[in-house]
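Beneath this line is the structure, given in structure tokens, with notes to follow.
Bear in mind that the values in this text are calculations on the coordinates, not laboratory data. Predicted model only: the values in this text are computed from it and were never measured. As a convention, Cβ positions derive from the backbone with ideal geometry for all residues, glycine included, and neighbour counts pool all protein chains shown.
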Amino acid sequence: MKSLPTNVTIIEVGPRDGLQNEKNFVSTDRKVNFIKKLTSAGIKEMEITSFVSPKWVPQMQDATEIVASNPELTRKLVLAPNQKGVERALEAGCDAIAVFVGVSNSFNKKNINKSTKQSLEELKPIITKLKEKNLFVRACISTAFYCPFEGKIKENDTIALCKEFASSGVDELSVADTIGMATPIESYSLFSSLIECLPDILLTAHFHDTRKMALSNIYAALQAGIHRFDTSAGGLGGCPFAPGATGNVATEDVVYMLERMGIRTGIDLDALVEAINVVSPSLTRRIETGYYQLATN
């Protein structure tokens, strides 16, 4: 077990992963204001949108406008799952691009109609070209622990896929418990192994809170040596292609826990609540995360 870090980086995914599953279209102006408020709260890295087909994810149809709003972030990540998406992202002037693949073949086929191997082979030359342009590339590894169709994923399969992406030149791996089934023991085991075999790459843990295990899994990942976490303000999110998956772990709950533990995040909780208040009137469900409820009642 490693010493806990003194500082942690929070990568806010609410504007992209959080909103993608919302049934009602959230106006572009409200999204832009949400992003600005999150930035004011101290967020430095953020997934701001995705360049995906509006037919499949209509919430992201305003991706170009979101990028044009030019939020003041250290890193503005956009998701671009294929060549067409990458081309649109580059045309919009993006310099930090995320790609994704599921460890599970079944999940990958449901998501993008390709096997994991097919997706990887398609993405490798894309990653090479992006790195030739000196762009930041994040690889999102879905179903790293469990799959809604295949069940438990072998740890070695996740590690093998992460190694493939690392060898292709990505800067960061975001490793996701997509359906929120991981336990702290599994979290500690996988991230300890990844840190050992991939010491020179940014490793980020991405937990969903489907079974209220996300904070426990984050603590286990901290013990393994992870100091980067994807979180979503208000606990927004859920994958359209993962039946039963609920929201991402709430940024405010993670920040509260870490700060109480003496681990600095640089994020202002009061300002974070203000950011959630900006977007909550447009949502189809109430925000019911622990810290938000205490702060607003």
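How many of the residues making up region 49-99 are part of a helix (DSSP H, G or I) and of a type in the set (Ser, Thr, Tyr)?
1
Among the residues of region 85-97, are any touching an Asp or Glu at 6+ places or on another chain (Cβ under 8 Å) and buried (at least 23 other Cβ atoms within 10 Å of the Cβ)? No, that holds for no residue.
Residues of region 253-295 that are touching a residue at least 12 places away in the same chain (Cβ under 8 Å), more than 21 Å from the chain's Cα centre (by Cα), in a helix (DSSP H, G or I) and under 20 Å from residue 212 (Cβ atoms): 295 alone.
If the condition is being among the aliphatic types (A, V, I, L, M) and in contact with a Ser or Thr (Cβ under 8 Å, 6 or more places away or on another chain), then region 196-217 contributes 205, 213.
Of 263, 267, all but one fail to be surrounded by 15 or more Cβ atoms within 10 Å (Cβ to Cβ) and under 23 Å from residue 26 (Cβ atoms); the exception is 267.
What residue, among those in region 23-47 that are part of a strand (DSSP E or B) and under 13 Å from residue 233 (Cβ atoms), is farthest from the chain's Cα centre (by Cα)?
46
Would you point out the residue of region 145-177, among those that are of a type in the set (A, V, I, L, M) and crowded, with 16+ Cβ neighbours inside 10 Å, that is nearest to residue 107 (Cα to Cα)?
Filtering region 145-177 for residues that are of a type in the set (A, V, I, L, M) and crowded, with 16+ Cβ neighbours inside 10 Å, the one nearest to residue 107 (Cα to Cα) comes out as 153.
If you check 142, 115, 106, which single one turns out to be buried (at least 23 other Cβ atoms within 10 Å of the Cβ) and either at negative phi or free of Cβ contacts under 8 Å to residues at least 40 places away in the same chain (or both)? The conditions single out 142.
Residue 257 satisfies every condition listed in (1) aliphatic (A, V, I, L, M); (2) touching a strand residue (DSSP E or B) at 6+ places or on another chain (Cβ under 7 Å); (3) within 23 Å of residue 287 (Cα to Cα) except (2).
Here is the figure for region 118-139: residues that are outside any strand (DSSP E or B), out of contact with any helix residue (DSSP H, G or I) (no Cβ under 8 Å at 6 or more places or on another chain) and either among the hydrophobic types (A, V, I, L, M, F, W, C) or closer than 12 Å to residue 165 by Cα (or both) total 3.
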